[in-house]
1. Straight-line reach only, C-alpha to C-alpha below 15 angstrom: list the aspartates and glutamates that A:Lys9 could link to, leaving out same-chain residues fewer than 8 apart.
2. Could you tell me the relative contact order of chain B? Use alpha-carbon pairs under 8 Å, at least six residues apart, and round to a whole percent.
3. Percent relative contact order of chain A, based on C-alpha pairs within less than 8 angstrom and at least six residues apart?
4. For A:Thr5 and A:Leu80, compute 0.36 nm times the residue count separating them, minus their Cα-Cα distance, and round to one decimal in nm.
5. Of A:Thr55, A:Thr103, A:Thr86, which has the largest mean-square fluctuation in a 10 Å C-alpha GNM of chain A?
6. Could you state how much accessible area is buried at the B-A interface, both sides summed, with a 1.4 Å probe, in Å² to the nearest 100?
7. Students often forget the sequence filter, so: which lysines lie under 23 Å Cα-Cα from B:Lys77 once same-chain residues fewer than 8 apart are removed?
8. For B:Glu16 paired with B:Gln110, estimate the spin-label separation in nm (one decimal), with each label point 7 Å from Cα along the Cα-to-Cβ line.
Amino acid sequence: NAGVTQTPKFRILKIGQSMTLQCAQDMNHNYMYWYRQDPGMGLKLIYYSVGAGITDKGEVPNGYNVSRSTTEDFPLRLELAAPSQTSVYFCASSPPQGGGADTQYFGPGTRLTVL
Amino acid sequence: GDSVTQMEGPVTLSEEAFLTINCTYTATGYPSLFWYVQYPGEGLQLLLKATKADDKGSNKGFEATYRKETTSFHLEKGSVQVSDSAVYFCALSPSYNTDKLIFGTGTRLQVFP
């Protein structure tokens, strides 16, 4: 049971490049989340999903896209990278039954730098 | 809107020292309050929580009490260890959306032998 895994751990992009941050969980959780943490700031919700085929915007969705074709995977896509997207990205998941904020399990994060 | 404010780090302590990391919040209604910890190279883990006023959350020697009158949820530990070195995040879950988490900025704790 690996929990929540994220790849890559680190990445440097040039302005305008695209990339996909991968997130997978093996706990059969329905809910999945993407957060970003800017230097000196708290985590902010980018997108979330309550199940396969269902996604919704969080607090800071601009510049990102997500898809949820399976229960296990929740990739985050950056189409045209900008320096403002330099951040640490965390993926999380939680079960729906009796779910709540305290049941979120986090991945180790992806550190992205856009130059 | 709802928000969490926590003390800036890093907090540097010697082993066996007393730890306090301050956290205050702004929220409507009665949020749930949490402390998460992130050890080097790992994801955030729930450390403790409290869901109503005067509740005390505790785990691994850490404690925090939900103080409605001062809107605070300070984290304390009586005797820290080197293995407690990590980043600590205070967070709240609003009463109007219990699946949502609002985080503070995190406080890095460094404990030296």
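1. B:Glu42
2. It comes to 37 percent, rounded to a whole number.
3. 35
4. 24.6 nm
5. A:Thr103
6. Details: alone 5980 and 6160 Å², together 10790 Å².
Summed over both sides, the interface buries about 1300 Å².
7. Within the straight-line cut-off, B:Lys77 pairs with B:Lys49, B:Lys52, B:Lys56, B:Lys60, B:Lys68.
8. Taking the two extended label points, one gets 2.2 nm.
The values are calculated or read from the model by the stated rules, or taken from the named source; none is laboratory data. Predicted, not measured: the structure shown is a model, and the values here were computed from it. Reconstructed Cβ throughout: ideal geometry from the backbone, glycine too, with neighbour counts over all protein chains shown. For accessibility, only protein heavy atoms count, side chains too; no ligands or nucleic acids. Shrake-Rupley method; radii C 1.70, N 1.55, O 1.52, S 1.80 Å.
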